[in-house]
Amino acid sequence: MKHASFPLWQEKDWIEKSEQSLKGKKVEQLINRTYEQIKLKPLYFKKEQHGSQFPGVPDYRRGIDSYIDQKQPWRIAQTIQASTAKELKDKIEAAIKGGQTAVSFSVQEDISYQSILEEFADRFPICVHAKKSQQSKLVSELCSIKEISDLQGFIATDPLAQLASDGYLREPVNAVYDELATNIQITSQKFPELKTILVDTSPYHNGGANAVQEIAISLASAVFHLEELSNRNIPIETILSKYIFHFSIGANFFMEIAKLRAARMLWGEIVKAYGGSKENQKMVISARTSTFTKTVYDPYVNLLRSSNEAFAAVIGGVQYLHVSPYNELEGNGAEFSERMARNTQLILKEEALICKTHDPSGGSWYIEELTDEIANKAWELFIQIDDSGGMLSSLVDGEIQSQLSKVLENRKNDSFTRQQSIIGTNIYANLQDQPLKLSVQQKVTPEDVAIKIPELKQSRLSEPYENLRRVSEKLEQKPVVGVICIGGVKQFKPQADFVAGFLAPGGIVTEKSEETDSWKQIQKYIDSSNYSTYCLCGAYGEFEEWGLSIVKEFQAIYPEKRLYLGGLPEHKDVWLQTGVRGFFHRKSNCYDSLLSLLTEMEETTHA
């Protein structure tokens, strides 16, 4: 027994064993294709790995911190909003007492931040996503402070991301990069550790981009910055030392981890090609939880979404992280929601102890292979963008916008058919829920702009369903569908419950009848309830003949009312010819069905 050994199972053995448990199905039938056109396999196996086996060395997939040294924890960089310098100072002090480890704030044009920088810049990293003029303002205020030693963090700007988000730039591109170059030269002398060049992928993420597109766009943007700035006689090493990359982290947990790992790999290769040092090959990453995934209805689910996204960001190896409050869509987070967002990071750091481990996902065959696949596809797309004239040219031509809109459309279609679940919105919708009061800012394009591009619409996946809820709330009469329950509870309950869940995302209430087994009982229910729309629910395989007679009776007596059927019968054409308006079933396009139904109800109200 002491010298016993077990046979090594090969890939074919695992596949054979798996297919036995699948009772005749092939393993290939379980393969899913992602928005990145990557096949997710049900089984992954060890393969020869060509990248680094250790963190802190090329290809940097495993992080930029050396495995020899203690891992540096990420900085908790919750962005603070305030209308005055005093209010901002008070909020920052409260956040630091609550566990924040970096100073991050939104810049207002009419506020001087010199006192804030004077108070905190010596003790905490400064993390500011600045527009062009804002960066110059903050750099100037920093320079007027006499003693700041070892300033860390970033006050960085990305002209291309600003162009993509706003749709225009007021000044010519040359003038924008001239000003950025000036700020780089100033900070290189006085604050050598301060990052000033931002590569921000959030506008593209919120435009629907998949992981491959986000990485390719980030690389193309970074190369464009590099070429523009090197033309202004700034040394390559100086430029490379000033980069900070910013990613929004979406809902696909493992994909987002692999996205960050792949981005580090490719950036290291680009810097290497430009002759950059190993230190500058290390991608410094700032991240935030996604706005694209957040919802107005059932907003507390946003806590779960942000926690999942923050977890992926930390596992993926970011240096700075902002977790959005669950009510961020209202514009101004309350003290409670901001504390909950900050505490999400503290739990990951102090209780999950993720900061104690170098690259926890390293060695996972699934994540390693996913990282390689994303990297290969992102590199191909980056080359395509470069061959098309670079990032600016692709934005002006609308090629980037066109590519992202296709992915966004696919995402929406999956949410419409509920292949993509949005908890509390298109599935498990709560009709008693109090939605967030959405803060909407109208985008206005000035007339005097230097450059204008086709729109890259910033959106959220849940918006179409939220619009349906608003339509239902504006109806003069509460939208109700009467559910006619045929047979006993066992016969009608599965369909009736499904129909209730199917209609709830549109704000439509269902009212069930008692158990019915005759037309007389059905007619009594219809007369007493007097709704404009009804749905027939039961085990239609058992009552098909009688169900068709119910439809005929319904049409004869109530021609002004509408009747639907829960489920999809085998002979659906017969039901449609008899008078059924449509079917509510698992393969239905939920969004289209609800939009059609609400339109009919609105027309009935105004008839």
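TYR591 satisfies every condition listed in (1) farther than 18 Å from LEU431 by Cβ; (2) under 44 Å from the mean Cα position of the chain (by Cα); (3) open to solvent by 30 Å² or more (accessible area, probe 1.4 Å) except (1).
The residues of region 82-95 that are part of a loop (DSSP other than H, G, I, E, B) and open to solvent by less than 70 Å² (accessible area, probe 1.4 Å), listed by number, are ALA82, THR84.
Check whether at least one residue in region 295-313 is under 21 Å from LEU194 (Cβ atoms) and open to solvent by less than 40 Å² (accessible area, probe 1.4 Å), and report yes or no.
Among the residues of region 295-313, not one is under 21 Å from LEU194 (Cβ atoms) and open to solvent by less than 40 Å² (accessible area, probe 1.4 Å), which makes the answer no.
Scanning region 568-586 for residues that are in a loop (DSSP other than H, G, I, E, B) and more than 11 Å from PHE502 (Cα to Cα) yields LEU568, PRO569, GLU570, HIS571, GLY579, VAL580, ARG581, GLY582. Taking the numbered list (1) outside any loop (DSSP other than H, G, I, E, B); (2) buried (at least 17 other Cβ atoms within 10 Å of the Cβ) in turn, GLU600 passes all entries but (2). Examine region 280-297 for a residue that is at pLDDT 95 or above, farther than 21 Å from TRP74 by Cβ and among the charged types (D, E, K, R), and state whether such a residue exists. Among the residues of region 280-297, at least one is at pLDDT 95 or above, farther than 21 Å from TRP74 by Cβ and among the charged types (D, E, K, R), which makes the answer yes. Among residues that are in contact (Cβ under 8 Å) with a residue 12 or more places away in the chain, hydrophobic (A, V, I, L, M, F, W, C) and either open to solvent by 60 Å² or more (accessible area, probe 1.4 Å) or at positive phi (or both), ILE484 is not included.
Yes/no per residue for (1) modelled with pLDDT of 95 or more; (2) under 24 Å from GLN432 (Cβ atoms):
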position: GLY488; (1), (2): no, no
position: GLN491; (1), (2): no, no
position: LEU503; (1), (2): yes, yes
position: ILE508; (1), (2): yes, yes
position: SER518; (1), (2): no, no
position: LYS524; (1), (2): yes, no
position: CYS535; (1), (2): yes, yes
position: GLY541; (1), (2): no, no
position: LEU548; (1), (2): no, no
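Tallying residues that are in contact with a Cys (Cβ under 6 Å, 6 or more places away or on another chain) and either of a type in the set (Ser, Thr, Tyr) or farther than 26 Å from ARG470 by Cβ (or both) within region 489-511 yields 3. A single member of PRO58, PRO42, PRO7, PRO73 is open to solvent by 40 Å² or more (accessible area, probe 1.4 Å), closer than 30 Å to ILE116 by Cβ, part of a loop (DSSP other than H, G, I, E, B) and out of contact with any Pro (no Cβ under 7 Å at 6 or more places or on another chain), and it is PRO73. Just one residue in the set TYR525, TYR558, TYR534, TYR564 is more than 39 Å from the chain's Cα centre (by Cα), surrounded by 14 or more Cβ atoms within 10 Å (Cβ to Cβ), under 17 Å from PHE492 (Cβ atoms) and hydroxyl-bearing (Ser, Thr, Tyr); that residue is TYR525. Among the residues of region 42-50, are any acidic (Asp, Glu) and farther than 30 Å from PRO360 by Cβ? No, region 42-50 has no match at all.
For region 330-370, filtering for residues that are more than 17 Å from THR289 (Cα to Cα), open to solvent by 30 Å² or more (accessible area, probe 1.4 Å) and not in a helix (DSSP H, G or I) leaves 8.
Is it true that SER286 is among the polar types (S, T, N, Q) and touching a His at 6+ places or on another chain (Cβ under 7 Å)? Yes, satisfied.
Of LYS474, LYS452, LYS493, all but one fail to be farther than 25 Å from GLU544 by Cα and free of Cβ contacts under 8 Å to residues at least 40 places away in the same chain; the exception is LYS474. Taking region 188-205 on its own, how many of its residues are touching a helix residue (DSSP H, G or I) at 6+ places or on another chain (Cβ under 8 Å) and either within 30 Å of LEU329 (Cβ to Cβ) or modelled with pLDDT of 95 or more (or both)? Within region 188-205, residues that are touching a helix residue (DSSP H, G or I) at 6+ places or on another chain (Cβ under 8 Å) and either within 30 Å of LEU329 (Cβ to Cβ) or modelled with pLDDT of 95 or more (or both) number 11. Within region 96-136, if we keep just the residues that are of a type in the set (Lys, Arg) and open to solvent by 60 Å² or more (accessible area, probe 1.4 Å), the residue that is nearest to VAL173 (Cα to Cα) turns out to be LYS131. Residue check: ASN302 meets all listed conditions (1) part of a helix (DSSP H, G or I); (2) under 18 Å from LEU438 (Cα atoms); (3) more than 19 Å from the chain's Cα centre (by Cα) but one, namely (3). Those helices (runs of 4 or more DSSP H) of region 206-278 in which at least 2 residues are modelled with pLDDT of 95 or more, among the charged types (D, E, K, R) and out of contact with any strand residue (DSSP E or B) (no Cβ under 6 Å at 6 or more places or on another chain), considering only elements entirely within it, cover 211-230, 253-273. From the list GLN162, GLN114, the one residue that fits, being farther than 25 Å from SER248 by Cα and in contact with an Asp or Glu (Cβ under 9 Å, 6 or more places away or on another chain), is GLN114. Among the residues making up region 528-566, those that are in contact with a Leu (Cβ under 9 Å, 6 or more places away or on another chain) and not in a helix (DSSP H, G or I) are THR533, TYR534, CYS535, LEU536, CYS537, ARG562, LEU563, TYR564, LEU565, GLY566.
Pairs linking a residue in region 250-268 that is under 15 Å from ALA310 (Cβ atoms) and free of Cβ contacts under 8 Å to residues at least 60 places away in the same chain to a residue that is basic (Lys, Arg) and surrounded by fewer than 24 Cβ atoms within 10 Å (Cβ to Cβ), with Cβ atoms under 7 Å and 6 or more positions apart or on different chains, are ALA251/ARG305. Just for region 143-182: of the residues that are among the β-branched types (Val, Ile, Thr) and not in a helix (DSSP H, G or I), which one is surrounded by the most Cβ atoms within 10 Å (Cβ to Cβ)? So the residue we want is ILE155. Scanning region 408-437 for residues that are β-branched (Val, Ile, Thr) and either crowded, with 19+ Cβ neighbours inside 10 Å or without any contact (Cβ under 8 Å) to a residue 24 or more places away in the chain (or both) yields ILE422, THR425. Could you list, in sequence order, all residues of region 183-205 that are part of a helix (DSSP H, G or I) and farther than 16 Å from SER290 by Cα? Hits for region 183-205 are ASN183, ILE184, GLN185, ILE186, THR187, SER188, GLN189, LYS190.
Check region 51-72 and report whether any residue there is in contact with a Lys or Arg (Cβ under 6 Å, 6 or more places away or on another chain) and among the acidic types (Asp, Glu). Checked against the condition, which is being in contact with a Lys or Arg (Cβ under 6 Å, 6 or more places away or on another chain) and among the acidic types (Asp, Glu), region 51-72 yields at least one hit.
Taken over region 253-306, residues that are within 13 Å of ILE374 (Cα to Cα) and hydrophobic (A, V, I, L, M, F, W, C) amount to 9. Checking VAL271, VAL284 one by one, the residue that is open to solvent by less than 10 Å² (accessible area, probe 1.4 Å) and either over 16 Å from SER421 (Cα atoms) or touching a Leu at 6+ places or on another chain (Cβ under 8 Å) (or both) is VAL271 and no other.
The values are calculated or read from the model by the stated rules, or taken from the named source; none is laboratory data. What you are looking at is a predicted structure, and each value in this text was computed from that prediction instead of being measured. Quick reminder, even Gly has a Cβ in these numbers, built from the backbone with ideal geometry, and neighbours come from all protein chains shown. Side chains are part of the model used for accessible areas, which takes the heavy atoms of the whole protein and leaves out ligands, DNA and RNA. Shrake-Rupley method; radii C 1.70, N 1.55, O 1.52, S 1.80 Å.
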